[in-house]
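Trainee: Here's a structure for you.
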Amino acid sequence: MITTAPDTTAARGPADAHVRAIVALLPGAEAAAVTRQLVRSLAARVPPGSVRWTRPEQLHLTLRFLGQVPRAAIPALADRLTRALRGLPACDLALGTPGGFPSVQAPRVLWIGLTGHLDGLHRIEREVAAACAGFGDAP
């Protein structure tokens, strides 16, 4: 999945000329259900409105943050990613231990670790990184 959001920075030109893009994997139905349950459990423990929760449909595993990408380049990027990932074996992943950044005691971001075929995931990430070279403005 390549996900994009319009660039709303006026200094960059017209708002529709660029998009803020990431390349990400979406969780399977079971992982999404477990994650939604974890969020409900955590949300019940904090004061209402004290946390901005990610909408369930936005849950993802970021493989590459690209930053600003010309909207016209998205089809070429999608084609390059398709070619780079074609034929790679699937990797079986499972949800691991949740955590927080910068710390569990004072988190700004909550995350869930992964277990399973991590070597396969690392290979996918390397292929994605290579395919994304030249796209976007993020290092």
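The values are calculated or read from the model by the stated rules, or taken from the named source; none is laboratory data. Note that this is a predicted model, so its numbers are computed, not measured. So basically every Cβ, Gly included, is an ideal-geometry build from the backbone, and we count neighbours across all protein chains shown. The accessibility values were calculated without ligands, DNA or RNA, using every heavy atom of the protein model including side chains. Shrake-Rupley method; radii C 1.70, N 1.55, O 1.52, S 1.80 Å.
Trainee: With closer than 28 Å to L114 by Cα, touching a helix residue (DSSP H, G or I) at 6+ places or on another chain (Cβ under 9 Å), aliphatic (A, V, I, L, M) and in a helix (DSSP H, G or I) as the only criterion, which of L81, L88, L63 stands out? Steps first, answer last, please.
Mentor: On the way: L88 fails: in a helix (DSSP H, G or I); L63 fails: in a helix (DSSP H, G or I).
Within the list L81, L88, L63, the selection yields L81.
Trainee: Continuing with the same structure: Go through (1) surrounded by 13 or more Cβ atoms within 10 Å (Cβ to Cβ); (2) in a helix (DSSP H, G or I) and name the single condition A130 misses.
Mentor: (1)
Trainee: Restricting attention to the range 2-34, which residues are exposed (fewer than 12 other Cβ atoms within 10 Å of the Cβ), of a type outside the set (S, T, Y) and either at pLDDT below 60 or in a helix (DSSP H, G or I) (or both)?
Mentor: Result: A5, A10, A11, G13, A29, E30.
Trainee: Looking at the range 67-76, can you tell me whether even one residue there is in contact with a Leu (Cβ under 9 Å, 6 or more places away or on another chain) and either surrounded by fewer than 16 Cβ atoms within 10 Å (Cβ to Cβ) or polar (S, T, N, Q) (or both)?
Mentor: Filtering the range 67-76 down to residues in contact with a Leu (Cβ under 9 Å, 6 or more places away or on another chain) leaves 69.
After this cut, where a residue has to be either surrounded by fewer than 16 Cβ atoms within 10 Å (Cβ to Cβ) or polar (S, T, N, Q) (or both) as well, the list is none.
No, the range 67-76 contains no residue that is in contact with a Leu (Cβ under 9 Å, 6 or more places away or on another chain) and either surrounded by fewer than 16 Cβ atoms within 10 Å (Cβ to Cβ) or polar (S, T, N, Q) (or both).
Here's the yes/no breakdown for (1) out of contact with any His (no Cβ under 6 Å at 6 or more places or on another chain); (2) within 30 Å of V51 (Cα to Cα); (3) polar (S, T, N, Q):
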site: R86; (1), (2), (3): yes, no, no
site: T97; (1), (2), (3): yes, yes, yes
site: R108; (1), (2), (3): yes, yes, no
site: R126; (1), (2), (3): yes, no, no
site: A129; (1), (2), (3): yes, no, no
site: A133; (1), (2), (3): yes, no, no
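Trainee: Name the residue that is surrounded by the most Cβ atoms within 10 Å (Cβ to Cβ), counting only residues in the range 35-66 that are more than 19 Å from R108 (Cβ to Cβ) and among the basic types (K, R).
Mentor: Checking each candidate, the answer is R64.
Trainee: With the requirement that a residue be at pLDDT 90 or above and either closer than 22 Å to A29 by Cβ or surrounded by fewer than 14 Cβ atoms within 10 Å (Cβ to Cβ) (or both), what does the range 79-90 give you? First the steps, then the outcome.
Mentor: From the range 79-90, those at pLDDT 90 or above are 79-89; that's our starting set.
Of everything in the range 79-90, those that are at pLDDT 90 or above and either closer than 22 Å to A29 by Cβ or surrounded by fewer than 14 Cβ atoms within 10 Å (Cβ to Cβ) (or both) turn out to be D79, T82, R83, L85, R86, G87, L88, P89.
Trainee: Oh, and also: Among residues belonging to the range 108-127 that are of a type outside the set (D, E) and assigned to a helix (DSSP H, G or I), point out the one that is most open to solvent (accessible area, probe 1.4 Å). Don't jump to the end; show me each part of the working.
Mentor: Within the range 108-127, the first condition is being of a type outside the set (D, E), and the residues that meet it are 108-118, 120-124, 126.
Now restrict to residues that are assigned to a helix (DSSP H, G or I): 118, 120-124, 126.
On the way: L118: 62, G120: 13, L121: 20, H122: 101, R123: 106, I124: 24, R126: 139 Å².
Taking the candidates together, the pick is R126.
Trainee: Name the single residue that is farthest from P27 (Cα to Cα) among those in the range 91-107 being among the hydrophobic types (A, V, I, L, M, F, W, C), open to solvent by less than 70 Å² (accessible area, probe 1.4 Å) and outside any strand (DSSP E or B). Don't jump to the end; show me each part of the working.
Mentor: Keep residues of the range 91-107 that are among the hydrophobic types (A, V, I, L, M, F, W, C), which gives 91, 93-95, 101, 104, 106.
Going one step further and asking which of them are open to solvent by less than 70 Å² (accessible area, probe 1.4 Å), we end up with 91, 93-95, 106.
Restricting the remaining residues to those that are outside any strand (DSSP E or B) gives 91, 106.
Values: C91: 13, A106: 26 Å.
The extreme case among them is A106.
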